[in-house]
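This report concerns only the one structure given below.
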Amino acid sequence: MASAASGSPVGPAASAGAGPAPGTPDRGATSSSTPNRSGSGPGRPSSDTRFSDRPSSDTLPPGIQGLPSAGAPGAGTASSAHQGSPPVRAHRSAHAHRSEATPWDRARALAERLGRAAPLTAHRLPLDRSLGHVLAEAVVALTDLPSFDTSAMDGWVVAGPGPWTVRAGEGLLAGRAAGELLPDGEALRIATGARIPPDATAVIRSEHARFDEAKGLLHATRDVVPGQDIRPRGQECRSGDELLPAGTVVTPPVLGLAAAAGYDALVAVPRPRVDIFVLGDELLTAGLPHEGLIRDALGPMLGPWLRALGADVADPQRLGDDAGALRRALTSSDADLILTTGGTAAGPVDHVHPVLAEIGAELLVDGVAVRPGHPMLLARLAEGGPCLVGLPGNPLAAVSGLLTLAEPLLRGIAGRSAQEPYRAPVHEEVHGHPHDTRLVPVVHRDDRVVPLHYNGPAMLRGIAAADGLAVVPPGGVRSGTEVEILDLPWASATPWTEGCFT
């Protein structure tokens, strides 16, 4: 198979390259050499999927009502007998856990609606601090562009028919005030951007003119069309025209257009603030893995990834496997979104579910029918408080959680418009999971996408070479089948390196 990262086959879902067998929890810490920290129990213990006394579907903001929370029909049902009491943690079968997972597309839509339900605020930012923000107000032209007739070329400005008598002097330069009228039959040197004299006929480019110095006459070597190479006032826009709608991401060209239109500052939505809490006692921040310790792959990856999505991200906090530290971090955070890594399953040191229950959070998504990454979760810590996305510890599973829950949630909070979905045919057959969606790293090759190897939940080698992920439905697809593609945030930003204009 032609591939940018080859070496192991793109096999069935039960293979090492496609995640565990059906019904097997997709767990792990933040490295491909991570041991199973979640123990060997038969699936996540049962719990009340509401972590507060509020009925979850009734208290969703109006913008996300109509999509089920984790406890609503179609997304896993909680027992009403436990409402208002601590969650009951009894073992479920692996099949029961899978059947309660939220469908991938529904989980993603819920995350986006939750983000869009957050009230948008706005602040005025100088142009040099606006890059990467989202416009809260439309950019409306404050003047005509150009605001006067200007020369589009270096050359000669002429009036009337030729040949033309050349007026002595340095000519017309950009930035100078309007000169005198140019009588018919005369020509004057002019620079690009200089103001056109009243009643001038055209501009003749230097290479299309011949100056007879002996007679002081200018001759055109091509036909002269009235108005040629003159940018008329208002050619680009008129004062009051909408140049950019609200919701536009401020890129370098947007800054240039705003400056040209007379803006010194823009009204923009503040970037969402994100806290990252890295869990796991086995994680190293430097050096080679040794004696059961492994390198943290998610801490270095998540900050730049989230900045590429338009967020302001604090340095990751490493909490280890300490339930008390996690509780204190969650209750003291003032971020718009909290991300945790690992600890979302049911092992002896997987503290995310118990801590969320203890602080009265509301669980909206508890497991998603996607591979890799199905133990991901989405919770709201308190009414009006921050949201939390719990990412699985395995690196590619965490990427799946980013694209499924964190990215659409952040897009909504930031006021960013959703990208138009698009589809592309796959270069070859891609095996699927029997029941769940698969997210498979791909690269674009001509008019198709090529699935990459090394796509197991603990691997980053495939995604590091990818420019997108293919959304593979249950059962897989044949060669040539069109599938939805999720672009990676930097794929269209090369060679920009400042977080996709953040």
(request) Search the stretch 220-242 for residues that are under 15 Å from T201 (Cα atoms) and open to solvent by 90 Å² or more (accessible area, probe 1.4 Å) and pair each with any residue that is of a type in the set (S, T, Y) and assigned to a loop (DSSP other than H, G, I, E, B) when their beta-carbon atoms are under 6 Å apart and the residues are at least 6 apart or on different chains. (result) P226/T201
(request) Considering each residue of the stretch 158-176, count those that are open to solvent by 40 Å² or more (accessible area, probe 1.4 Å) and under 17 Å from D199 (Cβ atoms), and give that number. (result) 4
(request) Report, by residue number, each residue of the stretch 273-305 that is over 27 Å from the mean Cα position of the chain (by Cα), within 27 Å of T331 (Cβ to Cβ) and in a loop (DSSP other than H, G, I, E, B). (result) G280, D281, E282
(message) Kindly evaluate R271 against the criterion of being touching a strand residue (DSSP E or B) at 6+ places or on another chain (Cβ under 7 Å) and among the charged types (D, E, K, R).
(response) yes
(request) Collect the residues in the stretch 427-455 that are open to solvent by less than 40 Å² (accessible area, probe 1.4 Å) and basic (K, R), keeping them in residue-number order. (result) R438
(request) Out of the residues in the stretch 401-421 that are hydrophobic (A, V, I, L, M, F, W, C) and over 22 Å from V352 (Cα atoms), state the one that is surrounded by the fewest Cβ atoms within 10 Å (Cβ to Cβ). (result) A418
(message) Given (1) out of contact with any Leu (no Cβ under 9 Å at 6 or more places or on another chain); (2) among the hydrophobic types (A, V, I, L, M, F, W, C); (3) farther than 23 Å from S147 by Cβ; (4) in contact (Cβ under 8 Å) with a residue 12 or more places away in the chain, identify the lone condition not met by W164.
(response) (1)
(request) Filter the stretch 252-293 down to residues that are of a type outside the set (D, E, K, R), under 30 Å from P386 (Cα atoms) and buried (at least 16 other Cβ atoms within 10 Å of the Cβ), then give me how many there are. (result) 13
(request) Identify, from the list A458, A493, A398, the residue that is open to solvent by less than 60 Å² (accessible area, probe 1.4 Å), among the small types (G, A, S) and modelled with pLDDT of 90 or more. (result) A398
(request) Name every residue in the stretch 132-149 that is open to solvent by 10 Å² or more (accessible area, probe 1.4 Å) and over 30 Å from W305 (Cα atoms), in order of residue number. (result) V140, L142, T143, D144, L145, P146, S147, F148, D149
(message) Looking at the stretch 305-322 only, could you name the residues that are in contact with a Pro (Cβ under 9 Å, 6 or more places away or on another chain) and surrounded by fewer than 17 Cβ atoms within 10 Å (Cβ to Cβ)?
(response) D312
(message) Going by what's in this entry, would A308 be described as modelled with pLDDT of 90 or more and within 30 Å of T344 (Cβ to Cβ)?
(response) no
(request) May I ask you to list the residues in the stretch 186-239 that are among the charged types (D, E, K, R), in a strand (DSSP E or B) and over 18 Å from L173 (Cα atoms)? (result) R210, D212
(message) Quick test of your reading of the structure: A424 fulfils all but one of (1) under 28 Å from A117 (Cα atoms); (2) surrounded by fewer than 24 Cβ atoms within 10 Å (Cβ to Cβ); (3) touching a Gly at 6+ places or on another chain (Cβ under 9 Å); (4) among the hydrophobic types (A, V, I, L, M, F, W, C). Name the failing condition by number.
(response) (1)
(message) Would you confirm, using the coordinates I've provided, whether A107 is assigned to a helix (DSSP H, G or I) and of a type outside the set (D, E)?
(response) yes
(request) Take the stretch 157-170 and flag every residue that is hydrophobic (A, V, I, L, M, F, W, C) and at pLDDT 90 or above. (result) V157, V158, A159, W164, V166
(message) Let me confirm something: among V355, V365, which residue is more than 30 Å from E137 (Cβ to Cβ), without any contact (Cβ under 8 Å) to a residue 60 or more places away in the chain and in contact with a Leu (Cβ under 6 Å, 6 or more places away or on another chain)?
(response) V355
(request) For the stretch 177-219, enumerate the residues that are among the acidic types (D, E) and either crowded, with 16+ Cβ neighbours inside 10 Å or farther than 14 Å from M153 by Cβ (or both). (result) E180, D184, E186, D199, D212, E213
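The values are calculated or read from the model by the stated rules, or taken from the named source; none is laboratory data. Remember, predicted model here, so these are calculated numbers, not experimental data. FYI the Cβ positions are ideal-geometry reconstructions off the backbone, even for glycines, and counts take in every protein chain you see. These area figures cover heavy atoms from the full protein model, side chains too; ligands, DNA and RNA do not enter into them. Shrake-Rupley method; radii C 1.70, N 1.55, O 1.52, S 1.80 Å.
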